[in-house]
Each structure stands twice: as C-alpha cells, then as structure tokens.
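First up is the structure itself, then whatever we jot down about it.
Only the coordinates and a few stated rules stand behind these numbers; no lab work does. The shown structure was predicted, so the numbers you read here are calculated from the model rather than taken from an experiment.
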Amino acid sequence: MAPGVRRYDPDRRQRIVDAAIRVVGANGIAGLSHRSAAAEADVPLGSTTYHFKTLDDLLVAALRQANEGFARAVADSGALADPDTDLAAALARLLGEFLTADRGRAELEYELYLEALRRPALRPVAAQWCEGVARALAARTDPVTARALVAVVDGIGLQVLLTDAAYDEPYAREVLGRVLGRS
C-alpha cells in the first residue's frame with residue numbers, strides 16, 4: 001500500500017476499546033493513556049485520538065463495554081424473570097457467578113465503575129448500569145426495592161473484591177431476602 005493511503009479498518013475502534021480494557025486490567029486506570037491503548041491495540045497513536053478525542057471518551061467506551069457483563073446476565077436471566085423462582089436466591093447465585101467466574105473481569109468492571117467518582121464524564125454510564133439492572137429487577141418487585149437490591153449487590157460485590165473474602169452465597173441470599181421483606 002502506498003504511503004499516506006488509508007486502509008479500511010472497520011474494527012479499529014473496537015480493537016482500541018478492547019485494548020483499553022486490557023490496559024486497565026493489567027495496569028489500572030492510571031496506566032491508561034492514548035499511547036498505551038494504541039500500543040496494546042497495535043494501531044497508530046493518531047487512531048486512538050481520532051476515535052476518542054479525550055481519555056474520558058475512551059474510558060466511557062470502555063466502561064460501557066465492561067458494564068455489559070453483569071447487567072446483561074441480569075437482563076437475560078430466566079430465573080430472575082420467573083415469578084416462581086426465589087428472587088433473592090437467583091440474584092445471589094448470579095452475583096456469585098459474576099464474582100467467581102472471572103474475578104479479574106469483575107475487578108476491572110468495578111474499577112471502571114468507581115472511576116466515575118473522579119471523572120464526571122463516566123457518571124451517566126455508571127447511572128445507566130444501575131438503572132438497567134434495577135429495571136430488569138423491577139419486573140419482579142417495585143422500583144424502589146429494585147434499586148435497593150442493586151445497592152446491596154454493589155455493596156456485597158465491593159466487599160468481596162476489596163477484602164479478598166470468599167463469596168458467601170447464603171449470606172447474600174439472606175441479605176437480599178431481607179430487602180425483599182423476608183425476615
């Protein structure tokens with residue numbers, strides 16, 4: 001190909017987002033820059049700044065993608081939608097699967113999610129995650145209780161990840177059950 005001729009690369013933007021997620025997973029958010037994402041994606045630096053004008057733009061895309069994991073699992077869960085299923089037990093089981101299947105991925109999702117504390121550009125994406133999970137749970141309960149369930153899931157998830165404690169599904173089931181009004 002002649003110098004200066006652009007090659008059509010429809011997957012480049014996605015490769016950059018995937019690379020950003022890998023960089024954050026390996027080095028934390030402090031290790032992410034346009035340059036580190038470009039190196040990881042094996043693309044020119046100009047490609048990252050073309051697709052993502054600011055680092056916040058790149059972090060928003062990474063958070064959006066990372067958030068798909070648990071939110072999609074909740075939305076797609078037949079057990080959570082089934083009115084005959086114990087909602088607390090099903091949600092506790094789903095949280096356990098999320099935290100134990102790929103702990104590194106769970107840590108990455110929370111790291112990006114919590115970065116919204118320092119980067120206002122990420123807050124709408126974090127809020128969309130909460131709203132999406134609450135909306136899925138509201139099909140089985142009222143909206144206020146659904147939001148409380150999301151808060152409890154977040155809290156238990158953070159406790160497990162921050163303390164290196166083993167996930168205690170019976171405890172999670174009990175706490176979620178109490179939020180749902182069972183003693």
In whole Hz and in residue order, list the ³J(HN,Hα) couplings for region 117-131 that follow from phi through the Karplus curve 6.51 cos²θ - 1.76 cosθ + 1.60, θ = phi - 60°; x for Gly and Pro. 4, 9, 10, x, 4, 8, 4, x, 5, 4, 5, 4, 4, 4, 5
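At 222 nm, what value in deg cm²/dmol follows for the chain if DSSP H runs of at least 4 each add -39500 (n - 2.57) and the sum is divided by all its residues, to the nearest 500? All intermediate terms of the calculation are to be shown ahead of the outcome.
Numbers: 10 runs with 132 residues, N = 183.
Estimated from H runs of four or more residues: -23000 deg cm²/dmol.
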Through the Karplus equation 6.51 cos²θ - 1.76 cosθ + 1.60, θ set to phi - 60°, convert the phi angles of region 92-100 into ³J(HN,Hα) values in whole Hz; use x for Gly and Pro. 4, 5, 5, 4, x, 4, 4, 6, 9
From the backbone phi of region 24-34, what are the Karplus-calculated ³J(HN,Hα) couplings (6.51 cos²θ - 1.76 cosθ + 1.60, θ = phi - 60°) in whole Hz, Gly and Pro given as x? 5, x, 8, 10, x, 5, 4, x, 8, 8, 4
